[in-house]
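What follows is a short report on a single structure.
All of the numbers you see were taken from the coordinates with simple rules; none came from a lab. The structure displayed is predicted, hence computed values, not measured ones. For neighbour counting, all protein chains shown are included, and Cβ atoms are generated from backbone atoms with ideal geometry for every residue, glycine included.
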């Protein structure tokens with residue numbers, strides 16, 4: 001049976017029934033999550049609200065990192081922002097647990113989890129590996145673009161296109177829904193240069209204005225990690241782990 005690939009282009013859409021979700025927030029939540037586990041992180045709890053993040057860290061103590069952003073910057077009192085370049089392997093050796101809240105990405109992750117399907121964090125950096133995990137987890141694969149403020153975001157759609165292309169490399173004739181074809185066509189228009197396309201996105205302009213151009217470069221590097229964090233539950237909290 002051929003795999004079915006769908007892409008949800010906007011976070012405001014109703015989610016279709018699928019077996020597995022690849023959630024994409026390339027700038028920067030899912031890239032950050034992938035890198036956190038690539039460097040040895042053990043557990044990360046995604047939450048929607050800043051105050052909830054503070055409460056969880058208060059409950060579990062200083063060993064946990066408080067990570068996240070509002071308007072691309074870390075909220076008051078947070079240890080780190082949402083940049084994958086803000087920490088090292090040494091940082092995570094001392095602080096292997098984290099709570100993360102972001103404007104768009106964590107909300108999308110939790111929405112995907114509510115469907116009951118398997119949920120993985122996907123990005124350009126783990127594109128091939130995440131598609132491999134998705135193919136091993138079900139027949140109907142959904143790619144969910146986190147977007148920005150409830151609307152479609154060019155950067156996430158282009159990353160989704162990369163994931164669709166990786167799916168075509170694994171299976172010659174999967175069934176592509178319209179959203180998947182749109183994402184693939186937009187990615188193909190970049191002629192293999194993801195950064196060139198992503199830099200046109202509104203979110204990229206914000207990061208450039210804040211001096212975070214290295215984040216954009218890092219987030220656009222394709223297939224740099226084999227890590228594919230899965231969203232599951234831990235002590236009644238949704239939590240990413242690295243299976």
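Pairs of alpha-carbon atoms within less than 8 angstrom and 6+ residues apart define the contacts here; what relative contact order does the chain have, in percent?
Reported relative contact order: 33 percent.
Please report 89, 107 as a ranked list, fewest other C-beta atoms within 10 angstrom at the top and most at the bottom.
89, 107
Based only on other Cβ atoms within 10 Å, what is the fewest-to-most ordering of 10, 130?
Least to most surrounded, the residues fall as 10, 130.
When a footprinting reagent is the concern and you count Cβ atoms within 10 Å, what order do 137, 204, 123, 88 take, fewest first?
88, 137, 204, 123
Rank-order 25-33, 228-236, 46-54 by packing density, defined as the average count of other C-beta atoms within 10 Å over each peptide's residues, highest first.
Sorting 25-33, 228-236, 46-54 by mean packing, highest first, produces 25-33, 46-54, 228-236.
Out of these labelled values of mean projected area of the Cα convex hull in nm², [x] 11.7; [y] 15.6; [z] 13.6, which was calculated from the coordinates shown here?
[x]
Once each part is reduced to its C-alpha centroid, what is the distance from segment 99-133 to segment 21-41 in angstrom?
Using only Cα atoms to place each centre, the spacing works out to 8 Å.
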